[in-house]
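One structure below.
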Ligand SMILES: Cc1cc2nc3c(=O)[nH]c(=O)nc-3n(C[C@H](O)[C@H](O)[C@H](O)COP(=O)(O)O)c2cc1C
């Protein structure tokens, strides 16, 4: 009642804005079955460190690549997220535009999921959530991993870009002079999260030629 009063009665005392902490940023993270599952895992870890609320969907083939490529278990990865959904759950909150999120990242993104997103086929929760992000004009980052690329892949990337997505192939930046694969992963993760205006502070930024 007090809340209603303060909202509609201009004679009521104004609510204190200084006492409210800003709402937590909210990002959907989808892992699909392209190689590079560690990138998705490291994105989840970085978002946790940045206190971002994460909504996670993992495809069947992502589960297979995670198992093959890393020492993480699916339950380890689920535990990194705030909310986890089954890929077939079309009634999940993230399937609706009325559920407010800041954006979505598909990392790694297979060319199959790229094709589903660019053609608007909402037959699983990842492509549906991505479709919703595009229609609501929110930020969608697709870390598409395939090489070499066919004209089908390139066309699908163009279509997704024209609809508002950012294609972020996780290609290494050799100028950082990496001493390990970890350095390359941290750099890619940092640059991906830059797109959401989030700074992992986990990599060195280019500031010009280094003086010898
Ligand atoms: C070990 C392994 C590596 C794969 N790497 C890639 C890849 O880099 N890019 C890609 O588009 N598909 C890759 N695939 C194939 C996808 O997993 C497959 O197309 C799958 O249907 C993708 O489905 P999803 O997007 O629903 O996860 C790979 C599959 C396996 C088993």
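Observations on the structure shown:
- Residue satisfying condition, being within 16 Å of the ligand (Cβ to nearest atom), assigned to a helix (DSSP H, G or I), at pLDDT 95 or above and surrounded by 14 or more Cβ atoms within 10 Å (Cβ to Cβ), within set 87, 28, 38, 45: 38
- For residue 64, the stated conditions hold: it is at pLDDT 95 or above, assigned to a helix (DSSP H, G or I) and either within 12 Å of the chain's Cα centre (by Cα) or within 14 Å of the ligand (Cβ to nearest atom) (or both).
- Contacts under 6 angstrom Cβ, first residue in the stretch 89-118 being more than 21 Å from residue 197 (Cβ to Cβ), partner more than 10 Å from the ligand (Cβ to nearest atom) and in a loop (DSSP other than H, G, I, E, B), 6 or more apart: 93/99; 97/136
- Among (1) away from the ligand (no atom under 11 Å from the Cβ); (2) part of a strand (DSSP E or B), the one test that residue 158 misses: (2)
- When the stretch 34-61 is filtered for residues that are in contact with a strand residue (DSSP E or B) (Cβ under 8 Å, 6 or more places away or on another chain), in contact (Cβ under 8 Å) with a residue 40 or more places away in the chain and under 21 Å from residue 89 (Cα atoms), the ones remaining, listed by number, are 40, 55, 57, 59.
- Test: residue in the stretch 53-60 that is part of a helix (DSSP H, G or I), within 16 Å of the ligand (Cβ to nearest atom), more than 23 Å from residue 133 (Cα to Cα) and at pLDDT 95 or above: no
- Some residue of the stretch 121-140 being in a strand (DSSP E or B), buried (at least 17 other Cβ atoms within 10 Å of the Cβ) and in contact with a strand residue (DSSP E or B) (Cβ under 8 Å, 6 or more places away or on another chain): yes
The values are calculated or read from the model by the stated rules, or taken from the named source; none is laboratory data. None of these values were measured; they are calculated from a predicted model. A quick note on method: Cβ atoms are made from the backbone with ideal geometry, for glycine too, and the neighbour counts reach across all protein chains shown.
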